[in-house]
Amino acid sequence: MKVYEWLSKGPDDTSSFAQKLAGKLKAKDVLLLEGDLGAGKTTFTKGIALGLGIRRNVSSPTFTIIKEYQGNLPLYHMDVYRLQDSNEDLGFDEYFEGTGVTIVEWAHIIEDQLPNEYLSISLYRLGDVERRFELKPVGKRYELLCEELFS
Ligand code: ADP
Ligand code: MG
């Protein structure tokens, strides 16, 4: 499996990168985000939202699990951290197969309910403002997306 690495120099850098990626997204695309608390998953998601033309402020949906935003494409933002140990099914498939883009923070927690193809993005904190991004495309659609993004 091919892995793409990208280094972020700060929150704005992360936002620009996310906006660039957002410009290439389409309905039914799924991004899975992994990384410790404070790694930058929500910061990255806010960048995606900007790139999708969403004007509402995107906040961490920790207490609601799923939030939906309207832009050029709908954005389904999930933070499934609170589902740890519960294995609850909130009908995720309807979002994955819906008309928008889905982003899942802490995706491994709902491992059994994830689609077969997705772009996995792991964030690692290197310092106060430096972050390492590891992008792993699973499926042809996401392989092409990464090739384009990094060309
Ligand atoms: P998570 O959702 O992974 O818990 P957040 O995005 O909520 O993380 O928080 C990340 C914190 O780290 C924010 O306060 C953000 O400003 C800060 N930060 C510093 N450098 C970066 C960077 N390069 N990319 C993203 N966030 C960064
Ligand atoms: Mg978060």
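The values are calculated or read from the model by the stated rules, or taken from the named source; none is laboratory data. Since the model is a prediction, treat every value here as computed from it, not as a measurement. Every residue, glycine among them, receives a Cβ derived from its backbone with ideal geometry; neighbour counts consider all protein chains shown. The protein model used for the area step is the full one, side chains on, heavy atoms only, and it has no ligands, DNA or RNA in it. Shrake-Rupley method; radii C 1.70, N 1.55, O 1.52, S 1.80 Å.
Laid out as a table, the results:
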{"quantity": "DSSP-assigned coil residues among trypsin sites (Lys or Arg not before Pro) in segment 1-102, each with at most 16 further Cβ atoms within 10 Å", "calculated": "Lys2, Lys9, Lys24, Lys26, Arg55, Arg56"}
{"quantity": "Segment 1-77: chymotrypsin sites (Phe, Trp or Tyr not before Pro) in DSSP loop, at most 14 other beta carbons within 10 Å", "calculated": "Phe63"}
{"quantity": "Segment 35-110: Cα Rg divided by the 2.2 N^0.38 Å rule of thumb", "calculated": "1.05"}
{"quantity": "Shape call, segment 4-149: gyration tensor on alpha carbons, a/c limit 1.5", "calculated": "rounded"}
{"quantity": "Accessible area of segment 4-149 divided out per residue, in Å², using a probe of 1.4 angstrom", "calculated": "50"}
{"quantity": "Gap separating the Cα centres of segment 106-125 and segment 61-90, nearest whole Å", "calculated": "13"}
{"quantity": "CD proxy at 222 nm, helix term only [per DSSP H run n ≥ 4: -39500 (n - 2.57); per residue of the chain; nearest 500]", "calculated": "-7500 deg cm²/dmol"}
{"quantity": "Spin-label pair Asp93/Arg132, simplified geometry with 7 Å Cα→Cβ offset, distance in nm", "calculated": "3.8"}
{"quantity": "Additional length obtainable on full extension of the chain from Tyr124 to Glu68, 0.36 nm per residue less Cα span", "calculated": "17.5 nm"}
{"quantity": "Sulfur and carbon atoms: percent of accessible area, the chain [1.4 Å]", "calculated": "46"}
{"quantity": "Positive-end residue of Gly71, Ser120, Leu144, charge dipole of segment 4-149 with Cβ unit charges", "calculated": "Gly71"}
